Amino acid sequence: TPVLAIAGVGKTFAGGTVALQATDLLVQENDFITILGPSGCGKSTLLRIVAGLDTPSGGAVALDGHPVAGPGADRGMVFQSYTLFPWLTVRDNVCFGLREKGLPLDEQHAIAHRFLAKVGLTGFERHYPKQLSGGMQQRTALARALANDPRILLMDEPFGALDHQTRELMQELLLGIWEDERKTVLFVTHDIDEAIVMANRVVVMSARPGRIKCDLAVPLAHPRH
Ligand code: ADP
Ligand code: ADP
């Protein structure tokens, strides 16, 4: 069974905009798939439907063979705009989903500690998001998504708001985590370099109307240590 099965998923918005045409995509365990396409081609719409944040007009999405209905901690979402809770510390942002699950506080903190170390934020537990740079805020958002041990990470232009150098650092970081944690990733970008460097598969979407144009296997050229 694929981790994620997208079958015939389409989306027409209320005004009549066809954001996505019947789209099929199978994501296998440990895939790192980038979805590449110009602005407005329906990348976010597809990811939001997988996340359960939007309902498709047709078709079906299944996670481990079970139909997806609404959002869930089994899909970890990372947005371009970080979307941290500004009134919570870095640690409490990371613990948010764990608290919802009712995990004991010491276990929440141990998990937060582990993932904040993973993203290089040890020592920043008690900081608030506004005290951090954009890159550090996105590291926090990544730690928060990972802390819930999702079956798949859904990332929507996660590094789009960062400067070039920070962006490359974050790409390195994410690739390292993908390898260490054996994660499955679906990653949306309109940057061709990023799409190719990050993925073992690149899915290219056409500008209009939204549909998959091609699906390429990529040899990981990335030097890993
Ligand atoms: P959103 O879900 O992004 O707020 P809209 O406000 O456009 O989108 O749509 C409201 C609801 O109607 C959503 O659940 C959406 O999936 C559904 N919807 C919109 N357009 C259509 C359509 N053409 N066919 C079926 N359902 C639709
Ligand atoms: P991308 O992520 O590739 O930039 P989107 O999925 O955001 O593309 O948008 C695809 C198309 O759907 C665009 O034409 C966009 O304007 C339209 N669209 C996105 N969200 C909505 C919405 N809530 N209501 C109506 N149209 C929308």
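The residues listed here are 90, 78, 68; of these, the one that is farther than 30 Å from residue 1 by Cα and of a type in the set (Val, Ile, Thr) is 90.
Scan segment 84-137 for residues that are part of a loop (DSSP other than H, G, I, E, B) and among the aromatic types (Phe, Trp, Tyr) and the total you get is 4. If you check 83, 45, 34 for being in contact with a Leu (Cβ under 6 Å, 6 or more places away or on another chain), within 17 Å of residue 156 (Cα to Cα) and among the polar types (S, T, N, Q), only one passes: 45. Once segment 74-84 is narrowed to residues that are open to solvent by less than 50 Å² (accessible area, probe 1.4 Å) and not β-branched (Val, Ile, Thr), the residue that is farthest from ligand 1 (Cβ to nearest atom) is 84.
Just to check your reading of the model, which residue among 115, 187 is under 30 Å from residue 5 (Cβ atoms) and within 16 Å of ligand 2 (Cβ to nearest atom)?
187
Between 2, 71, 56, the distinction of being free of Cβ contacts under 8 Å to residues at least 40 places away in the same chain, within 16 Å of ligand 1 (Cβ to nearest atom) and in a loop (DSSP other than H, G, I, E, B) belongs to 71 only.
Being in contact with a Ser or Thr (Cβ under 9 Å, 6 or more places away or on another chain) and not small (Gly, Ala, Ser) holds for only one residue in 84, 63, and it is 84. Considering segment 165-220, and only residues there that are among the small types (Gly, Ala, Ser) and assigned to a loop (DSSP other than H, G, I, E, B), the residue that is surrounded by the fewest Cβ atoms within 10 Å (Cβ to Cβ) turns out to be 207.
Here residue 53 passes the criteria (1) within 14 Å of ligand 2 (Cβ to nearest atom); (2) open to solvent by 50 Å² or more (accessible area, probe 1.4 Å); (3) over 16 Å from the mean Cα position of the chain (by Cα); (4) under 23 Å from residue 183 (Cβ atoms) except the one numbered (3). The set of residues in segment 12-46 that are within 15 Å of ligand 1 (Cβ to nearest atom), out of contact with any Lys or Arg (no Cβ under 9 Å at 6 or more places or on another chain) and either closer than 13 Å to residue 211 by Cα or of a type in the set (D, E, K, R) (or both) comprises 12, 43, 44.
The values are calculated or read from the model by the stated rules, or taken from the named source; none is laboratory data. Nothing here was measured: the structure is a model prediction, and the numbers come from that model. Because the Cβ atoms are built from the backbone with ideal geometry, glycine has one as well, and the counts that use them run over all protein chains shown. SASA here: full protein model, heavy atoms, side chains in, ligands and nucleic acids out. Shrake-Rupley method; radii C 1.70, N 1.55, O 1.52, S 1.80 Å.
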